[in-house]
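Worksheet for the structure shown next.
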């Protein structure tokens, strides 16, 4: 019988934080952003520093957040999760009842992994992948003409696309220029058609990713691509590779060149460091950089077990987010990377965060009494400055901002224009925005007045590399898990999406049927001009 | 002296709507989604239908919204805007004091355009463009080797990128396959480097877009690209084309092959149908499809002058949004196109909406007493279903959803899998989600219970074509303008972004200076490891 975990609402520190929130520190006051604040409000984690002078916190608030973390055993729960506790459950009701072990995929550098069995699974799949990748290089695996594969199309949706794609885009500067990767995700037939127009199928590996082996979109797109292969006179079983659960309908050596396994203790949105991301990354980056990526992720997992919140980067980020969301009332979080390569990373976080923590029921099966997961969105800076930042500075919706920056660019192609490089301009803008949001500016012209007290953090690393990308990914995974613990919700199921799936089959059958009368589906289809 | 416009707060209908909101219609009640509701709650506009059975409205609410529209003279203001009224102003304070005439760019089909002078400007630039495009085709404009141009790189940021890019992506199925378009926007040096790695500069036109001719990012990226051209032994003045204000620093025939003009009566975020979008679209789609695109936009502008809100698609969409935002308390709007081709359209709306309506001051210079522009975000379905829809169904944040769908796909490459085509699956999912959000489902397992009463609209057209894309663009432009009128704000300035620009120059100068002590910039740069 697992022990009872508390939500923050049951903590003594919760009341204290409520009191403190009514007099939260005023960032617009003279001297508020003083030298000592910049010095003290930095948390150094693996590869990243978290700078938080522009949060409305002081030492009292940080003390209360530490108490909250202690009372809720946040770190203890994280340790238990990594060790294989059954965390994916709702007390007294049927639920998935699973371990949560995405961290095991990268716990391959320690002599004493937190969950040995799962890490052994990961090592076995990585071993298979290393051999497979070298067989692609040496031509053991090739097309019917004996040519090597130069492209890979990953077919998958949700966690089988968003995380892997955002990491691929982030690390394109490091990919083999002779190899290209494409993604097909949407059941929209224009998505697959647009990709199939671009690739040379004869030299393309098709990587089909679905844990269950039955995901509607993935299954449909795979069939479409298999027909396209056959129409080109190609043998799908020479081109198709599967990432799926052992003994799923897709685990079939007759139909796939090779199967890599994913396990039920890893949720889709947390699966980027499993074979779901690793096969494609191994193909494009090579095995060694893939391992560096995993190493970055592993370092952050270890750092997340530090009890002092001021030395635990993911936990501190989680608690500052909680402060903004539950105590200062901000309903959305904007993730704004000052790095064009991270342009899809906010979309990955949208899934990882909102699917994990967009819940209304506690693990105890009681209804939550607090707001849970926020809406997460974002675009790269400086682009966003010319788009939605107007609202961040002067709108009536208050948004909690998370900036991400890198001291050096990836490609080292830069030049000085009017006395500064583009990278300097980029970073100057990032920090300037953080200060502008915080301090605001009094102006006698009311339309030019900025109230300030709009909060942000800055995550800063040296450079966006495979290793720092791994750290950034697991930093956010841990942040999301910690916030779920705070609200005492199950961050690992997604029961809310079942109803839509169920109703769509009803709509499909009414669409195909002659009969229209008397059903909601028929009425709606008729109104939409689809019957 | 312009007349005094009301905000909705000054309207009698406002109080009525407040009362009605406390007993807003319950979509989960038995029979709530009845046949007559599906029939009545459809608004047919040009190319698009707006289906709104899944809004928490009834005839009383719609009546009060009509009164609101009448009391605030919303349509009258729109008519005046199109006719050239000076709408970009704040009473009694220095402001831009400009007309707002983006609609004039497509008012080229009427014998009596609403603003003749501006439409004549637009026609003149279109005439120049038609000639320029044919000169590109016939080789009058070519590179030094006499070869035609096969690629175009558009350098621009904000409105000079987001709208044009989202439209280009939406209409890729219609573009000339022998011509490619790329965009450089971010001052991040990795953005330009990644694009320059991909293009053959010798056969590339560089289209530089900046109204002022001084936008930091655009200016910097242009210099970077000019150096790259020179390093390849190419003459920039043969490759570079400008879209800029007449007599801006960029209006220089010695440095550009050709200049196209944009005018100060068109804001960046509303400029997609001006030369800002037209040159690139003309290059990739051809002149005739460009005109179809403009025609779709023009049709929607005319429809927006209809006084009956139930027959005015953009106005109805605006008022339903207002109802959800100001009366039912939803702080964010998710725009969810069931079309992969529209994958960047939500990012365009993020700018167009949030930069326009993220304001706190009325046109009268008084502070607003209502929440103004919401946070706008979104990703294509069905992808989103596997990402953030969990929160839409079961989260504690309520989100107003705007679905967009098309009866037919663009490319007509489709097949039946398990008895239905991909397009059918796509549309079945769209409508099913709308119903699932509205009705919810009672379940004894609390983690499977969906409360329902989560609202959505469906925008449905036959197919995503140049013409319907034009209509969709101007539909949202008009929606945003109408909401700004409701809040009595100036939707056409962006004073809130000035402070960040100003501070970034301070950060830059501290970055380059040896001196660090005693400034906020110095302290922050040091903390970030940048000094």
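The values are calculated or read from the model by the stated rules, or taken from the named source; none is laboratory data. Model, not experiment: these values are computed from the prediction. For neighbour counting, all protein chains shown are included, and Cβ atoms are generated from backbone atoms with ideal geometry for every residue, glycine included.
Scoring residue A:46 on the criteria (1) closer than 17 Å to residue A:485 by Cβ; (2) out of contact with any strand residue (DSSP E or B) (no Cβ under 7 Å at 6 or more places or on another chain) leaves a single failure, condition (1). Only residues that are at the interface with chain A (Cβ under 7 Å from one of its Cβ atoms) and crowded, with 20+ Cβ neighbours inside 10 Å: list them for the stretch B:438-459, please. The answer is B:447, B:448, B:450, B:458.
Restricting to helices (runs of 4 or more DSSP H) lying wholly in the stretch A:4-89: which have 1 or more residues that are assigned by TED's automatic domain parsing to the domain that holds residue A:477 and farther than 24 Å from residue A:102 by Cα? Explain how you work it out, then say what you get.
Details: elements: A:12-21, A:35-40, A:59-71, A:74-83.
In the stretch A:4-89, A:12-21, A:35-40, A:59-71 are the helices (runs of 4 or more DSSP H) which contain 1 or more residues that are assigned by TED's automatic domain parsing to the domain that holds residue A:477 and farther than 24 Å from residue A:102 by Cα.
Of all the criteria given as (1) buried (at least 24 other Cβ atoms within 10 Å of the Cβ); (2) part of a helix (DSSP H, G or I), the one not satisfied by residue B:310 is (1). Of the residues examined, residue B:197 is one that is more than 24 Å from the chain's Cα centre (by Cα) and under 22 Å from residue B:165 (Cα atoms).
Check whether at least one residue in the stretch B:470-479 is closer than 30 Å to residue B:314 by Cβ, within 7 Å of another protein chain (Cβ to nearest Cβ) and touching a residue at least 12 places away in the same chain (Cβ under 8 Å), and report yes or no. No, the stretch B:470-479 has no match at all. Within the set A:319, A:336, A:349, the sole residue that is in a helix (DSSP H, G or I) and either free of Cβ contacts under 8 Å to residues at least 12 places away in the same chain or closer than 21 Å to residue A:53 by Cβ (or both) turns out to be A:319. Checked against (1) crowded, with 24+ Cβ neighbours inside 10 Å; (2) under 26 Å from the mean Cα position of the chain (by Cα), residue B:410 passes all but a single condition, namely (1). Against the conditions (1) free of Cβ contacts under 8 Å to residues at least 12 places away in the same chain; (2) crowded, with 24+ Cβ neighbours inside 10 Å; (3) over 20 Å from residue A:359 (Cβ atoms), residue B:419 satisfies every one except (2).
Determine if the stretch A:405-418 includes at least one residue that is within 7 Å of chain B (Cβ to nearest Cβ), modelled with pLDDT of 95 or more, part of a loop (DSSP other than H, G, I, E, B) and closer than 25 Å to residue B:391 by Cα. Within the stretch A:405-418, none of the residues are within 7 Å of chain B (Cβ to nearest Cβ), modelled with pLDDT of 95 or more, part of a loop (DSSP other than H, G, I, E, B) and closer than 25 Å to residue B:391 by Cα.
Filter the stretch B:234-250 for residues that are in a loop (DSSP other than H, G, I, E, B) and buried (at least 16 other Cβ atoms within 10 Å of the Cβ) and give the result. Within the stretch B:234-250, B:234, B:248, B:250 qualify.
For the stretch A:363-372, indicate whether the set of residues that are outside any loop (DSSP other than H, G, I, E, B), in contact with a strand residue (DSSP E or B) (Cβ under 7 Å, 6 or more places away or on another chain) and at the interface with another protein chain (Cβ under 9 Å from one of its Cβ atoms) is non-empty.
If we filter the stretch A:363-372 for residues that are outside any loop (DSSP other than H, G, I, E, B), which is where we start, we get A:367.
Now narrow it down to the ones that are in contact with a strand residue (DSSP E or B) (Cβ under 7 Å, 6 or more places away or on another chain): A:367.
Adding the requirement that they be at the interface with another protein chain (Cβ under 9 Å from one of its Cβ atoms) leaves A:367.
Checked against the condition, which is being outside any loop (DSSP other than H, G, I, E, B), in contact with a strand residue (DSSP E or B) (Cβ under 7 Å, 6 or more places away or on another chain) and at the interface with another protein chain (Cβ under 9 Å from one of its Cβ atoms), the stretch A:363-372 yields at least one hit.
Quick one: in the stretch B:212-233, which of the residues that are out of contact with any helix residue (DSSP H, G or I) (no Cβ under 6 Å at 6 or more places or on another chain) and assigned to a loop (DSSP other than H, G, I, E, B) is nearest to the other protein chains (Cβ to nearest Cβ)? Once the filter is applied, the top-ranked residue is B:215. Report yes if some residue within the stretch B:498-511 is more than 8 Å from every other protein chain (Cβ to nearest Cβ) and more than 30 Å from residue B:98 (Cα to Cα); otherwise report no. Yes, the stretch B:498-511 contains at least one residue that is more than 8 Å from every other protein chain (Cβ to nearest Cβ) and more than 30 Å from residue B:98 (Cα to Cα). Could you identify the single residue in B:474, B:509 that is surrounded by 24 or more Cβ atoms within 10 Å (Cβ to Cβ) and under 28 Å from residue B:355 (Cβ atoms)? Only one candidate qualifies: B:474.
Consider residue B:484 carefully, then state whether it is part of a helix (DSSP H, G or I), within 12 Å of another protein chain (Cβ to nearest Cβ), farther than 20 Å from residue B:408 by Cβ and in contact with a helix residue (DSSP H, G or I) (Cβ under 9 Å, 6 or more places away or on another chain). Don't jump to the end; show me each part of the working.
On the way: part of a helix (DSSP H, G or I): yes; within 12 Å of another protein chain (Cβ to nearest Cβ): no; farther than 20 Å from residue B:408 by Cβ: yes; in contact with a helix residue (DSSP H, G or I) (Cβ under 9 Å, 6 or more places away or on another chain): yes.
Considered against the rule, which asks whether it is part of a helix (DSSP H, G or I), within 12 Å of another protein chain (Cβ to nearest Cβ), farther than 20 Å from residue B:408 by Cβ and in contact with a helix residue (DSSP H, G or I) (Cβ under 9 Å, 6 or more places away or on another chain), residue B:484 comes out as no.
Just to be sure, is residue A:293 part of a strand (DSSP E or B) and either touching a residue at least 40 places away in the same chain (Cβ under 8 Å) or farther than 16 Å from residue A:127 by Cβ (or both)?
Values: part of a strand (DSSP E or B): no; either touching a residue at least 40 places away in the same chain (Cβ under 8 Å) or farther than 16 Å from residue A:127 by Cβ (or both): yes.
Spelling it out, it is not the case that residue A:293 is part of a strand (DSSP E or B) and either touching a residue at least 40 places away in the same chain (Cβ under 8 Å) or farther than 16 Å from residue A:127 by Cβ (or both).
In the stretch B:381-392 there is no residue matching the filter, namely being at the interface with chain A (Cβ under 9 Å from one of its Cβ atoms) and surrounded by fewer than 22 Cβ atoms within 10 Å (Cβ to Cβ). Could you check, for the stretch A:147-154, whether at least one of its residues is within 14 Å of chain B (Cβ to nearest Cβ), modelled with pLDDT of 95 or more and not in a helix (DSSP H, G or I)? Taking every residue of the stretch A:147-154 in turn, at least one turns out to be within 14 Å of chain B (Cβ to nearest Cβ), modelled with pLDDT of 95 or more and not in a helix (DSSP H, G or I).
Please verify whether residue A:139 is without any contact (Cβ under 8 Å) to a residue 24 or more places away in the chain, more than 14 Å from chain B (Cβ to nearest Cβ) and either farther than 24 Å from residue A:434 by Cβ or in contact with a helix residue (DSSP H, G or I) (Cβ under 7 Å, 6 or more places away or on another chain) (or both), treating the condition exactly as stated. For residue A:139, the condition - without any contact (Cβ under 8 Å) to a residue 24 or more places away in the chain, more than 14 Å from chain B (Cβ to nearest Cβ) and either farther than 24 Å from residue A:434 by Cβ or in contact with a helix residue (DSSP H, G or I) (Cβ under 7 Å, 6 or more places away or on another chain) (or both) - is met. Take the conditions (1) surrounded by fewer than 24 Cβ atoms within 10 Å (Cβ to Cβ); (2) under 29 Å from residue B:37 (Cβ atoms); (3) without any contact (Cβ under 8 Å) to a residue 40 or more places away in the chain; residue B:432 misses just one of them, which is (1).
Filter the stretch A:160-184 down to residues that are out of contact with any strand residue (DSSP E or B) (no Cβ under 7 Å at 6 or more places or on another chain) and within 17 Å of residue A:211 (Cα to Cα) and give me whichever is farthest from the other protein chains (Cβ to nearest Cβ). Ranking the candidates gives A:163 first. Inspection of the stretch B:523-530 finds no residue satisfying the criterion of being more than 8 Å from every other protein chain (Cβ to nearest Cβ) and either assigned to a helix (DSSP H, G or I) or without any contact (Cβ under 8 Å) to a residue 12 or more places away in the chain (or both). If you scan the stretch B:90-135, which residues turn out to be touching a helix residue (DSSP H, G or I) at 6+ places or on another chain (Cβ under 8 Å) and assigned to a loop (DSSP other than H, G, I, E, B)? If the condition is that a residue be touching a helix residue (DSSP H, G or I) at 6+ places or on another chain (Cβ under 8 Å) and assigned to a loop (DSSP other than H, G, I, E, B), then B:90, B:93, B:95, B:100, B:101, B:107, B:108, B:109, B:110, B:113, B:114, B:115 are the ones that fit. Residues in the stretch A:252-270 that are more than 15 Å from residue A:128 (Cα to Cα) and free of Cβ contacts under 8 Å to residues at least 40 places away in the same chain were compared, and the one that is nearest to the other protein chains (Cβ to nearest Cβ) is A:255.
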